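The values are calculated or read from the model by the stated rules, or taken from the named source; none is laboratory data. Note that the structure is a prediction, hence the values are computed from the model and not measured. Cβ: placed from backbone, ideal geometry, glycine included. Neighbour counts: every protein chain shown.
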Amino acid sequence: MKPSEEYKNRLEARNKMVERYKRLDLVVGNMRLVTGVVFFGMAWLAVGPRVISGWWLLLPIAIFIVLVARHERIRALGRRTQRAAAFYERGLARIEDRWMSGAIAGGARASPIGRSHLETDRPYSEYNPSHPYAADLDIFGKGSLFELLSLARTRSGEGALAGWLLAPASPTEIAKRQDAIDELRNSLDLREDLAILGEDVRAAIHPEWMNRWGTRPRLLESRAARAVAPMLSFLMIASLVYYWGFYGSGWFVVAAFSFGGAFALHYRSRVREVTDSVADPVKDLQIFSLLLARLEKEQWKTQKLVELRAALNTQGRPPSKEIRKLVLMIEWLNSRLNPAFAAIGAPLLLWGTQFAFAIEQWRSQHGTAIGRWLDAIGELEALCSLSAYAYEHPDDPFPEIVESGTRVEGEDLRHPLLPAAQCVANTIRLDRDRQLLIISGSNMSGKSTLLRTVGVNAVLALAGAPVRAKHMRLSSLAIGATIRVMDSLQQGTSRFYAEIQRLRDIMELTKNMPVLFLLDEILHGTNSNDRAVGAEAVIRGLIDRGAIGLVTTHDLALTRLAESLAPRAANFHFEDHLENGRMVFDYRLHPGIVEKSNALALMRAVGLDV
């Protein structure tokens, strides 16, 4: 069955369930109302004319309590089913190329699988603005590759996927990811379960903070002190019972409370440090526990998934139950914030002190494993995101990764962010024998889009994902691009200066590994003579260092460089023609140099008198 048909069938089934839960919600709500009316009627009969015994009032009370519990259950199932329906709606939007039009838009904090953290907090897209290709190839941001791919519920998942898109993996790692994605491709139930776990909230566990929290030195180490705390609490309560119930000595009460108060005061600063550190992440840890519990049920075969599943194994109870235990301790700890309990119960029970000791004990046992669990969850979420892309695009193949040589060969390459109906395929080949393609052509003819198409497919390939092509073959490469280099008012840099800095960075990449460079209108921010000399020097330098790539240009003087570098370089171009007063482009790559320019025609087409 086609993915779109499967999604539509499941969406229809989930929508029917949503309507069923809505009807049940209405019925049970009315039953609660009727039960309330019956209660007040029976109360009048019992108190007024005394027709019935007051014990009969227990019956509507019991029924009402059962109905309240049932009502909450129905509402929770309804919300869960609505999230499942939204999951398939978004999947259909991606398949039908509606995902950038707002079909999957929504508040980032309101939807676990809508807009990503990167659109709000942007910890990756703005973490390194000088990254050699992230901005140029639309890796992050609205309408980006990350937005298309990510189904992650946790910051660890987003971080893992972002990291894979920002740097190439080794051929061995790519092969392991491809096998894992292929095994997960049809695990639709798993992806649905991960998407709808917990309430519709965004999990924002900070992996770095959790790692630091789990591995920092223990603040409350004394086992004896932990044993003394409940004894002192019992002593304080017993002194009060003895004083009020048996008319005992008040000095016993004073002594008991003095010991308890001194003990609490001695550990006060460390207890506060412990309790403050776990005050916020309860909901996030709940999501983490649910994700762990769901993934612990899976048994996989491929090496990557087996390794990640093994990382979740622990001696004794599974990680999901240990995290749940921590969540329960934090929730019990937070009950001290209730004003009534804080005034009386918490001091008597040394509530905060005892739970601080318990939390520190938990951390000493499992703190060092938190980082491993978070990393495993993150990689599994990243693999699930890429497996969803593979499932929704069954015609997209996995690329062949070669371990020797330097090459990028793509047959019928298309851009994954462009609607399929509007996308024109092109074929390119770069290797040691032909390292450079110089692409000439008119404005809007498709030169920059070709660079982005090659670059983004290379990013997908080197992350382990399928590519938008008939076939693709490439070696492990670093990628560098100057497609969207911008000036900066804050840093006081011009567009030209930012570009030459990026070119320097790309040149530096060649010292460590082979490079794929994508240079758009190279050095167009300076005069013609300096541009010609500088561009030729940069390109020759990259070629001499073994790099391969594409360069676009309006300056036909640069096309002569291909002749001097032949056969290591070749000229290609895009064509256009004027038809009924408007420019028409075929967006297909043709061999040779472009023979005409459309700049004046475009200016006249928009009404400029030239």
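Okay, here's what the table says:
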| item | result |
| --- | --- |
| Filtered residues of region 146-175 (kept if part of a helix (DSSP H, G or I) and of a type in the set (Val, Ile, Thr)) | Thr172, Ile174 |
| Matching option when the condition is at pLDDT 80 or above and either touching a Phe, Trp or Tyr at 6+ places or on another chain (Cβ under 8 Å) or at positive phi (or both), among Arg568, Arg588 | Arg588 |
| Region 418-457: number of residues that are farther than 18 Å from His573 by Cα, among the aliphatic types (A, V, I, L, M) and buried (at least 22 other Cβ atoms within 10 Å of the Cβ) | 1 |
| The listed residue being buried (at least 17 other Cβ atoms within 10 Å of the Cβ), modelled with pLDDT under 95 and under 17 Å from the mean Cα position of the chain (by Cα), out of Gly107, Gly143, Gly78, Gly114 | Gly114 |
| Those residues of region 280-304 which are outside any helix (DSSP H, G or I) and under 24 Å from the mean Cα position of the chain (by Cα), in sequence order | Asp280, Pro281, Lys297, Glu298, Gln299, Trp300, Thr302 |
| The listed residue being modelled with pLDDT of 95 or more and either under 21 Å from Ser445 (Cβ atoms) or buried (at least 19 other Cβ atoms within 10 Å of the Cβ) (or both), out of Leu556, Leu503, Leu542, Leu516 | Leu516 |
| Odd one out for Asp586 among (1) in contact with a strand residue (DSSP E or B) (Cβ under 8 Å, 6 or more places away or on another chain); (2) surrounded by 15 or more Cβ atoms within 10 Å (Cβ to Cβ) | (2) |
| Considering residues of region 402-421 that are touching a His at 6+ places or on another chain (Cβ under 9 Å) and not small (Gly, Ala, Ser) only, the residue nearest to Leu474 (Cα to Cα) | Glu409 |
| Identity of the residue in region 203-220, small (Gly, Ala, Ser) and over 20 Å from Phe357 (Cα atoms), that ends up modelled with the lowest pLDDT | Ala203 |
| Options Ala93, Ala86: the member that is surrounded by 20 or more Cβ atoms within 10 Å (Cβ to Cβ) and modelled with pLDDT of 50 or more | Ala86 |
| Qualifying residues in region 140-170 (those that are touching a Phe, Trp or Tyr at 6+ places or on another chain (Cβ under 9 Å) and of a type in the set (Phe, Trp, Tyr)) - the one farthest from Gly464 (Cα to Cα) | Phe140 |
| When residues of region 274-309 are limited to those that are free of Cβ contacts under 8 Å to residues at least 60 places away in the same chain and of a type in the set (A, V, I, L, M, F, W, C), the one surrounded by the fewest Cβ atoms within 10 Å (Cβ to Cβ) | Ala279 |
| Where Ala346 falls short, out of the listed (1) farther than 24 Å from Ser150 by Cα; (2) buried (at least 22 other Cβ atoms within 10 Å of the Cβ); (3) of a type in the set (Gly, Ala, Ser) | (2) |
| So Glu521, is it at positive phi and of a type outside the set (Phe, Trp, Tyr) | yes |
| For Gly248: the one exception among (1) over 21 Å from Ile370 (Cβ atoms); (2) in a helix (DSSP H, G or I); (3) not hydroxyl-bearing (Ser, Thr, Tyr) | (2) |
| So Thr353, is it touching a residue at least 12 places away in the same chain (Cβ under 8 Å), in the same structural domain as Met210 (by TED's automatic domain parsing) and outside any helix (DSSP H, G or I) | no |
| Test: residue in region 336-347 that is modelled with pLDDT of 90 or more and among the hydrophobic types (A, V, I, L, M, F, W, C) | no |
| Among residues of region 326-350, those that are outside any helix (DSSP H, G or I) and in contact (Cβ under 8 Å) with a residue 12 or more places away in the chain, counted | 1 |
| Residue within region 43-56 that is free of Cβ contacts under 8 Å to residues at least 24 places away in the same chain, surrounded by 12 or more Cβ atoms within 10 Å (Cβ to Cβ) and within 55 Å of the chain's Cα centre (by Cα) present | no |
